[in-house]
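Okay, structure first, notes after.
No lab work stands behind these numbers, since they all come straight from the coordinates. Values in this document were obtained by computation on a predicted structure and should not be read as measured data. Here the Cβ is made from the backbone with ideal geometry for all residues, glycine too, and neighbour counts use every protein chain on show.
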Amino acid sequence: HNSKKVIAIDGPAGAGKGTLARRLATQFAFAHLDTGLLYRGVGMKLIVAGLDATDVVAASAAARSLQLQDLDHPGLRSDEAAVAASKVATIAAVRQALLQFQRDFATRPPNGAAGAVLDGRDIGTVVCPWAPIKLFVTAAVEIRAARRVRELRQRGLQAIEERVLRDMQDRDARDSDRLASPLQPAADAFVIDTGTLDPDAVFDAAIMQIASNGGFGL
Ligand code: CDP
Ligand code: CDP
C-alpha cells in the first residue's frame, strides 16, 4: 500500500542529498530518513569504545545493537564520524544489519506519514529498488569539498581546504570501490548534477521528474 510512495535519493558526500530530501519530504508531507546517520551511529559507537572502524566483529555487533538514541550523539555530524562511517559501511554484515530498519521506514513511515524519502548511497539499488522515484545527485568533488568547507566554517569550525578535499576523495573511493552495495546510480535513476544548481533549481528539477512520473497523486 504505502510502499509505492518512496523517493530514493543517492549520491556522494556533499552532493546535496540532505538538502533535497528535506525539501521533498516537506513538499509531500513524507517522513525523511538520512540513512548516513545509521552508519555514522555505528562508526561513533566504535570511536567511543576506542575500537577501530575496520574491526569486522565489533562493527557488526555495533550495527546489530544500534538504538535510536545512538543517533542523538552530538559528534555524529563530524568528519571523524564520517570517516568511521565509510569504513564500517564497507562491511557486508553491517549493511545487512541496517537493512530491515531502512526498509521498514520506507514501507511503514513513522507518524502515519503517507510516504518516505530516504537518502544515502544504495537506496535506489539495494534498500528500495522498487521505489518509483530514484534520484541520483552528484557534483564534481572540488565543488562538494568547497561546500563542506563553507559549512564547517559557518559552524565556527576550522577547515583546511586541501584536507577536506583529500578526505572526500578518500571517502568517495571507499564508497564507490567497495564490493558491498557500492555507490552507483540505479539503472532507472534520474541523475541531477548539482554543481551549477542552487537548492531551488535542484528541487525544481526533482519536482519535474516526479511530475513526469505521474506524481504521487498529490
Ligand atoms: O547530504 P549531502 O552530503 O549530499 O549534501 P547536503 O548536506 O544537502 O549539502 C551539502 C552543502 O552543500 C550544504 O551546505 C548545502 O547548503 C550546499 N548545497 C549547495 O550549495 N547547492 C545545492 N544544490 C545543494 C546543497
Ligand atoms: O552527509 P554525507 O553525504 O557526507 O555522508 P553520509 O550520508 O552521512 O554518509 C556517511 C557514510 O556512510 C558514507 O560515506 C558511506 O560510506 C556510508 N553510507 C552508506 O554506505 N550507505 C548509505 N545508505 C548511507 C551512508
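In summary, the lysines within cross-link reach of LYS4, defined as a Cα separation below 17 angstrom excluding same-chain residues under 8 places away, comprise LYS134. Remark: the ASP72-ALA211 segment gains 46.5 nm on full extension, using 0.36 nm per residue and subtracting the alpha carbon distance. Within segment 136-166, the trypsin sites (Lys or Arg not before Pro) that combine a DSSP coil assignment with at most 13 other C-beta atoms in a 10 angstrom radius are ARG155. Extension gain for the segment THR107 to GLU80, taken as residue separation times 0.36 nm less the Cα-Cα distance, is 6.5 nm to one decimal. Tell me whether segment 18-142 comes out rounded, prolate or oblate; compute the Cα gyration tensor, take square roots of the eigenvalues as a ≥ b ≥ c, and use a/c under 1.5 as the rounded threshold. It comes out prolate by the Cα gyration axes. Each residue in SER86, SER65 was given a count of other beta-carbon atoms within 10 angstrom of its own, and listing them fewest first yields SER65, SER86. Between ASP52 and TRP130, the modelled label-to-label distance comes to 4.1 nm, taking each label 7 Å out from Cα in the direction of the beta carbon.
Rounded to the nearest 20 debye, the dipole size of the chain about its Cα centre is 420 debye, using +1 on the Cβ of Lys and Arg and -1 on the Cβ of Asp and Glu. In a fully extended conformation the segment linking ASP204 and ALA29 would gain 61.3 nm over its present Cα-Cα distance, using 0.36 nm per residue.
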